[in-house]
Every structure is written in structure tokens, then in C-alpha cells.
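Student: A single structure is presented below for examination.
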Amino acid sequence: MTIKKNYIAGEWVEGCGTSHNINPADTSDVIAEYATADAEQTKAAIAAARGAFPSWSLSGIQLRSELLDRIGQLILERKQALGELLAREEGKSLPEAIGEVGRAGQIFKYFSGEVLQLRGEIQPSVRPGLEASVTREALGVIGLITPWNFPIAIPAWKIAPALAYGNCVVFKPAELVPGSAHALAEIIAEAGVPAGVFNLIMGPGRVVGDTLVNDARVDGISFTGSVNTGRNIAAAAVGRMAKVQLEMGGKNPLVVLDDADLDTAVECAINGAFFSTGQRCTASSRLIVTEGIHDRFIEAMIDRLKTLKVGNPLDAGTHIGPVVDERQLRQNLEYVEIAKTEGGNLVFGGGRLQLETDGFFQQPALFINTTPEMRINREEVFGPVASVIRARDYAHALELANDTEFGLSAGIVTQSLKYATHFKRHAQAGMVMVNVPTAGVDYHVPFGGRKGSSYGAREQGSYAREFYTTVKTAYTLA
Ligand code: NDP
């Protein structure tokens, strides 16, 4: 089996070790072997990025715009093959995987245009005869650390703005999903990125990620992943005064009010809680349902859950693919047990499934009669597990929705303009959804949360420039 290499200073280079990329739907399917880097190789990539920065940061926006457009185009042309690779290594269903690849392509296309929109300001000075100008410049070398659950979209929404605004990149994908990252790096190289401007370093977070976070030559770290890792990264980065941006977990509520359209409520809950195997930071893991619709909603949810097929992501008709690996599946099953022990009533699924191939399959789980203090309602499971909390009325539902240390996404299903408007204003979340699932966002508007979910500037859309540029104020004596 050929080994897929790291990309440093415009060259494909062997690593210091290798890791196997295993299909979570069929553990006998080894997708490929990937190089892993050590600290020295990571430092070589940082040096390459540092060396490329002076000329790349001053390169014209036309050149950068065209590069991003070519990358986006190549991704879109190879959507099917990239989607199959993604589904095989991460486990989401093929339509979801192709959708994610399409989104990655659109993100590059978007930033190809967005970079042309960069503008500054000229202001008169309060001191006579002086003029002040405010412009934005590239931040420098950026370390990008990404999770396994969106192996191409999350890297795309960090790499595209970083390159667009003239930064150089050292990209470290999650070890579980090097395939999509490597394929993306191949496309970026093929599109003609200058040597050193973009570098791919695969390998474990505690080695490669840690080196990136602690190297003084890295000016900014953009991280998506778990809360614990994020906190440690922030402490280290702030300790050496590097800019840092974190997107972390969620315990996202979906409120269902008495006046909701039942079909809409069920579709929002099913999609939000269980699609992509529940492995989304924006997943609706807490379903907060008012008294008048509660029993009808549960009945309809169970009927709908019975229609979902868990299986191989590449099979037509599969709605829910496997959990990403054995460790994550064990954790999901542990949470199912914890919820039962704490008094939750499991009304559907939850168990491990043995299918034709040896994979990490789990039946989606639905709990009812849960209370806000239970661990199932406080900690992120990151799997196909949702719990229902009964609410007396809208006011109680809102209180429950905000009763969490997280604040990424919050949804409501209602036909009342009054409650929808109030919820949009008072939900303590970075993103609010009315009559649509808590997961699923556009690529041209800001993405991010409040409270324990996010830290630093927002990602995506024009707001991405806050992180990837630094502001300069200049005075001229006229
Ligand atoms: P982790 O935090 O374990 O990993 C995220 C990334 O950080 C990986 O690339 C990992 O490398 C790397 N990493 C691990 N340890 C270190 C370290 N000491 N220093 C630097 N980098 C390190 O999360 P997962 O990838 O397991 O993703 C699941 C979690 O991420 C969930 O809790 C989920 O909520 C959250 N998440 C949040 C999102 C958001 O946008 N808010 C989106 C997606 C996920 P490696 O794994 O290779 O060792």
C-alpha cells in the first residue's frame, strides 16, 4: 500500500511514522496508510510557512482570488469521488458526504470573491492637517487544527479565508480522517499554491497540534474540537500572546411548542438529532417539548425513528451511518447507561447493531422523562442520542433551553410569530433556528456560539476577516 505523504514547502515528504485510515462501517476496509509527523517535521512546516509569508502576504488579491477559485472548481468537479472517500473514512451517508464536499467547494468560491471586497477607511484626524487610514493586513502564519466530524468542510472554512487574506497555513487534520485532508491538499497543490504557503502535517494532536500551538513563529491558531482540548490550546496560545479562535461543543436545545406543526417538529428533531449520526456540534440533543403536544410528538418521533435505516454509508437508502470509531461508540453506549441509571426512560433504540460488516453501528436513541440536571442533558454525547425534557409553557421552555454551559445553536418549532420573535431575541446562542433544524448553516454568514461553545472571532462569511487579518491605523500629514 502506498503511503500518503505530508506536504511541506511545496514537496510531498515522508513522515516519521504511519497510521491506517479505517472505514468505520467495515473495519476490514483500510482506505490507505498516511504519514504521521513528529515535532521536528512540524517545525519544518512552520519554517516553510514563515519563509513564504513576506511574499504571499504582499501578493495581489487577483492572484489569491484566482487560486481560490481554481481550488473550489476542482473540489466541485470531484464531488462524487471526494464524497465517497469522506463517507468511507468518517461514516456519514453518501448524500451527506457529497453535500459536505459541495459546501467545501462553495466556501473556496465564496472567498475567491470575498477577498476582492476587502476595504479600509479614511477618516479625518481630530488633529488639524492629519488624515487617518485604517487598513487590514494578513495576520501571519496560522495553525489550523480540525476535528474528524466534518473532514473537508471545516478545513475549507479555515484554509480558504486564511489564504484569501494573505496568510500562510500549517494544517493539522484529525488523525481519524486524514483522507479528505490529504485529497484537499492535493487539490490545493494542483491548483498552484506557491511553495510554503500551504502545508499539510498529519499526525497526533498531542505532538503535531501541541507543537503548532506552542511555536512562537505561529501567529494564530484556529481550532475546532472538544472543549477540553480547546481550553488547553487557548491557555497555551494566550500565554504566548498568539491570536486564538475556538469552536467547541454544544448541548443544543430544540423547543417544540403546543402550536407547532407536528410534521415540521418531527423532521427538525430527527434531522437535528440523528442525521450525520448525531456527530455534529450543532446537533439537537435536548428536545424541550411543552405539555400540550408532548405525547403526540413522542409517538410521531418513535414512528419516524422506525423508518430510519442504519447501515453502510455507501448503500442507497442508508439514513444513518456508523459512529466514527470504537472509542466514540463506547462513550455513546456509556451515556445511554448513565441516562437509564439517572431515571431517563429509553423509548427507542440505543444499542449497538451487528450488521453484515464489522462496523461501529448504533441504533438512534430517544429518552423521555429526563430532567435538566441529568448528565444526558448537561454533557455533550456527540452521537445519535437525544433526550426529551417536558416543559410547562413557552417561558419554562426558554428557561430550560438557556440552562446550559453551551450556546452554539438553539431552535424552536412554533407557528406563533410572538414566540418565534421572542426566542430569536432571548435564546442564549450564537445561532437561532425557527422551524428548521439546529444543524445546517450557510457558508456566507457567521458561524459560532456563545458561552462555553466558542471563543474569539466568528468563522465564515465576511466575519472571517476578524480573525485572519490584523488592523493597521496610519496617519499622514497632508
Ligand atoms: P478533539 O478536541 O479531541 O480533537 C480536535 C483536534 O484537536 C484534532 O485534530 C486533535 O488531533 C487535536 N488535538 C488533540 N489534542 C491536542 C493537543 N494537545 N494539542 C493540539 N491539538 C490537539 O475533538 P474531536 O476531533 O474528537 O471532535 C469531537 C469534539 O469536537 C466534540 O466534542 C464536538 O462537540 C467538537 N466539535 C465542535 C465543533 C464546533 O464547530 N463547535 C465542530 C466539530 C466538533 P488528533 O485527534 O489527531 O489527535
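The values are calculated or read from the model by the stated rules, or taken from the named source; none is laboratory data. As the structure is a computational prediction, the values presented were derived from the model and not from experiment. For neighbour counting, all protein chains shown are included, and Cβ atoms are generated from backbone atoms with ideal geometry for every residue, glycine included. Accessible surface areas use protein heavy atoms only, side chains included; no ligands, DNA or RNA. Shrake-Rupley method; radii C 1.70, N 1.55, O 1.52, S 1.80 Å.
Student: Keeping to the range 109-124, report how many residues are small (Gly, Ala, Ser) and either touching a Ser or Thr at 6+ places or on another chain (Cβ under 6 Å) or modelled with pLDDT under 95 (or both).
Tutor: First pass over the range 109-124, keeping only residues small (Gly, Ala, Ser): 112-113, 120.
This time we only want the ones that are either touching a Ser or Thr at 6+ places or on another chain (Cβ under 6 Å) or modelled with pLDDT under 95 (or both), so: 112, 120.
Total meeting the criteria: 2.
Student: Name the residues in the range 161-175 that are outside any strand (DSSP E or B) and surrounded by 21 or more Cβ atoms within 10 Å (Cβ to Cβ), would you?
Tutor: So the first thing to find is which residues in the range 161-175 are outside any strand (DSSP E or B), and the list is 161-167, 173-175.
Passing the criteria: Pro161, Ala162, Leu163, Ala164, Tyr165, Gly166, Asn167, Pro173, Ala174.
Student: I would also like to ask the following. What number of residues in the range 279-305 are in contact with a strand residue (DSSP E or B) (Cβ under 8 Å, 6 or more places away or on another chain) and touching a residue at least 40 places away in the same chain (Cβ under 8 Å)? Talk me through it step by step, then tell me what you get.
Tutor: From the range 279-305, those in contact with a strand residue (DSSP E or B) (Cβ under 8 Å, 6 or more places away or on another chain) are 281-291, 293-294, 297-298, 301-302, 305; that's our starting set.
Pick out the ones that are also touching a residue at least 40 places away in the same chain (Cβ under 8 Å) and you get 281-291, 294, 297-298, 301-302, 305.
Adding up the residues that qualify gives 17.
Student: Which of the numbered conditions does Asn369 fail, given that it passes all the others? Conditions: (1) on the phi > 0 side of the Ramachandran plot; (2) part of a loop (DSSP other than H, G, I, E, B).
Tutor: The single condition Asn369 does not satisfy is (2).
Student: Separate question: In this structure, does Val336 turn out to be β-branched (Val, Ile, Thr) and assigned to a helix (DSSP H, G or I)? First the steps, then the outcome.
Tutor: On the way: β-branched (Val, Ile, Thr): yes; assigned to a helix (DSSP H, G or I): yes.
When the stated conditions are applied, Val336 passes them.
Student: Okay, moving on. Identify all residues within the range 216-244 that are more than 18 Å from Glu379 (Cα to Cα) and among the aliphatic types (A, V, I, L, M); write none if there are none.
Tutor: Initial filter on the range 216-244 (more than 18 Å from Glu379 (Cα to Cα)): 216-223, 232-244.
Hits for the range 216-244 are Ala216, Val218, Ile221, Ile233, Ala234, Ala235, Ala236, Ala237, Val238, Met241, Ala242, Val244.
Student: Would you mention how many residues in the range 107-134 are under 15 Å from Ser462 (Cα atoms) and in contact (Cβ under 8 Å) with a residue 12 or more places away in the chain? Walk me through how you get there before you give the answer.
Tutor: Going through the range 107-134, the residues under 15 Å from Ser462 (Cα atoms) turn out to be 107-120.
Okay, now just the ones that are also in contact (Cβ under 8 Å) with a residue 12 or more places away in the chain, so 107-118, 120.
Total meeting the criteria: 13.
Student: Moving to a separate point now. Please verify whether the range 456-476 includes one or more residues that are in contact with a strand residue (DSSP E or B) (Cβ under 7 Å, 6 or more places away or on another chain), over 23 Å from Ala234 (Cβ atoms), more than 16 Å from the ligand (Cβ to nearest atom) and charged (D, E, K, R).
Tutor: Checked the range 456-476: at least one residue is in contact with a strand residue (DSSP E or B) (Cβ under 7 Å, 6 or more places away or on another chain), over 23 Å from Ala234 (Cβ atoms), more than 16 Å from the ligand (Cβ to nearest atom) and charged (D, E, K, R).
Student: Please find, within the range 316-330, the residue that is most open to solvent (accessible area, probe 1.4 Å) out of those that are within 10 Å of the ligand (Cβ to nearest atom) and assigned to a helix (DSSP H, G or I). Give the derivation first.
Tutor: Going through the range 316-330, the residues within 10 Å of the ligand (Cβ to nearest atom) turn out to be 324-325, 327-328.
From what's left, assigned to a helix (DSSP H, G or I): 327-328.
Values: Arg327: 120, Gln328: 7 Å².
Here the answer is Arg327.
Student: Which residue is farthest from the ligand (Cβ to nearest atom), if the candidates are limited to the range 187-225 and must be open to solvent by less than 10 Å² (accessible area, probe 1.4 Å) and part of a helix (DSSP H, G or I)?
Tutor: Ile187
Student: Now a separate question. For the range 420-441, which positions are within 15 Å of the ligand (Cβ to nearest atom) and not polar (S, T, N, Q)?
Tutor: Keep residues of the range 420-441 that are within 15 Å of the ligand (Cβ to nearest atom), which gives 429-431, 438-441.
Once the filter is applied, which keeps residues that are within 15 Å of the ligand (Cβ to nearest atom) and not polar (S, T, N, Q), the range 420-441 yields Ala429, Gly430, Met431, Ala439, Gly440, Val441.
Student: Arg296 versus (1) among the basic types (Lys, Arg); (2) in a loop (DSSP other than H, G, I, E, B); (3) more than 10 Å from the ligand (Cβ to nearest atom): which is the lone unmet condition?
Tutor: That leaves (2) as the condition not met.
Student: Another question about this same structure. Hey, can you tell me all the residues within the range 229-247 that are of a type outside the set (A, V, I, L, M, F, W, C), within 7 Å of the ligand (Cβ to nearest atom) and more than 15 Å from Tyr468 (Cβ to Cβ)?
Tutor: Step one: of the range 229-247, the residues of a type outside the set (A, V, I, L, M, F, W, C) are 229-232, 239-240, 243, 245, 247.
Applying the additional criterion that residues be within 7 Å of the ligand (Cβ to nearest atom) yields 229-230, 232, 247.
Selection gives Thr229, Gly230, Asn232.
Student: Also, I was wondering about something else. Return yes or no: is Val445 under 30 Å from Phe53 (Cα atoms) and not assigned by TED's automatic domain parsing to the domain that holds Gly99?
Tutor: Details: under 30 Å from Phe53 (Cα atoms): yes; not assigned by TED's automatic domain parsing to the domain that holds Gly99: yes.
Criteria met by Val445.
This table checks each residue for (1) polar (S, T, N, Q); (2) surrounded by 22 or more Cβ atoms within 10 Å (Cβ to Cβ); (3) in a loop (DSSP other than H, G, I, E, B).
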residue	(1), (2), (3)
Ala397	no, yes, no
Thr404	yes, yes, yes
Ala420	no, no, no
Arg425	no, no, no
Gly440	no, no, yes
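Student: Which one of these does Ala464 not meet: (1) within 15 Å of the chain's Cα centre (by Cα); (2) at negative phi; (3) outside the structural domain of Tyr165 (by TED's automatic domain parsing)?
Tutor: All conditions pass for Ala464, except number (3).
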